[in-house]
Amino acid sequence: LSIQGRSDPEAFIAEFAGEDRFILDYLADEVLERQTPEVRSFLLDTSILGRLSGPLCAAVTGDQNARATLDTLDRANLFLVGLDDRREWYRYHHLFGDMLRARLLDERPEHVSELHRRARDWYAANDAPRDAVAHAVASDDPARAAELIERAAPELNRARQEALLRSWLEQLPD
């Protein structure tokens, strides 16, 4: 990605090392900052997600063209990893996702809870209690997290997932 538009790509490759301790700066400066404002905002907003799909990203970002944006990012090889054969679910490369989350916290910390609330609501509506609870806890909404845990508890008990239930409960304030 960084080679695009450079007059001497061979020199750039020779200077860049994969173990470079400034890799996160590289990702931020050479990749994120080269994106359009719309794509940059999409990347930051969706960085809170462990997995990405068109409908989930649309719910989190409010962008009804989220599916098309994911397709564009995938075709551009923008650190997006496909998780299924139908190309419906993705995740960000771990280093890229870490950089995006750090940048989101630096630039728009007041926005993070709202993004988690949107993800929580989408997961709750789409029968994904584990993800819904995780985002409820991350959104600093312990009452909603407790409600989601209470709804999921019978199924977790039937599936012998007491450890998961206990870990969720430990994340709630007394």
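The values are calculated or read from the model by the stated rules, or taken from the named source; none is laboratory data. This one's a predicted model, so the numbers in the text were calculated from it and none came from an experiment. Cβ atoms come from the backbone with ideal geometry, glycine included; neighbour counts cover every protein chain shown. Note: accessible area is taken over every heavy atom of the protein model, side chains too, but ligands, DNA and RNA are not part of it. Shrake-Rupley method; radii C 1.70, N 1.55, O 1.52, S 1.80 Å.
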**Probe 1.4 Å - accessible area at residue 8, Å² to nearest ten** = 80 Å²
**Fill in**
Computed over region 27-90, the distribution of all Cα-Cα distances in 5 Å bins, rounded to whole %, is 4, 18, 32, 28, 14, 4, 0
**Asked** Where a ≥ b ≥ c are the square roots of the eigenvalues of the C-alpha gyration tensor, would you call region 29-172 rounded, which needs a/c under 1.5, or, failing that, prolate if a/b is larger than b/c, or oblate?
**Response** prolate
**Fill in**
Order by accessible surface, 1.4 Å probe, largest leading, for residues 137, 60 comes to 137, 60
**Request:** Mind ranking 94, 111 by accessible surface for me, highest first, 1.4 Å probe?
**Result:** 94, 111
**Message:** Below 14 angstrom from the Cβ of residue 87, what's the summed charge of the other residues (Lys, Arg +1; Asp, Glu -1)?
**Reply:** 0
**Item:** Dipole of region 53-174, positive direction: furthest Cα of 76, 135, 125, with charges on the beta-carbon
**Value:** 76
**Item:** Cα centroid separation, region 35-75 to region 126-174 (Å)
**Value:** 26 Å
**Fill in**
Judged on accessible area alone, 1.4 Å probe, highest first, 72, 46 line up as 72, 46
**Fill in**
The answer for residue 52, listing residues at least 5 apart or on another chain whose modeled amide H is closer than 5 Å to its amide H, is 90, 91
**Fill in**
Phi-derived 3J(HN,Hα) across region 76-92 with the Karplus relation (6.51, -1.76, 1.60, θ = phi - 60°), rounded Hz, x for Gly and Pro, is 7, 6, 8, 6, 10, 10, x, 10, 8, 6, 8, 6, 9, 10, 9, 8, 7
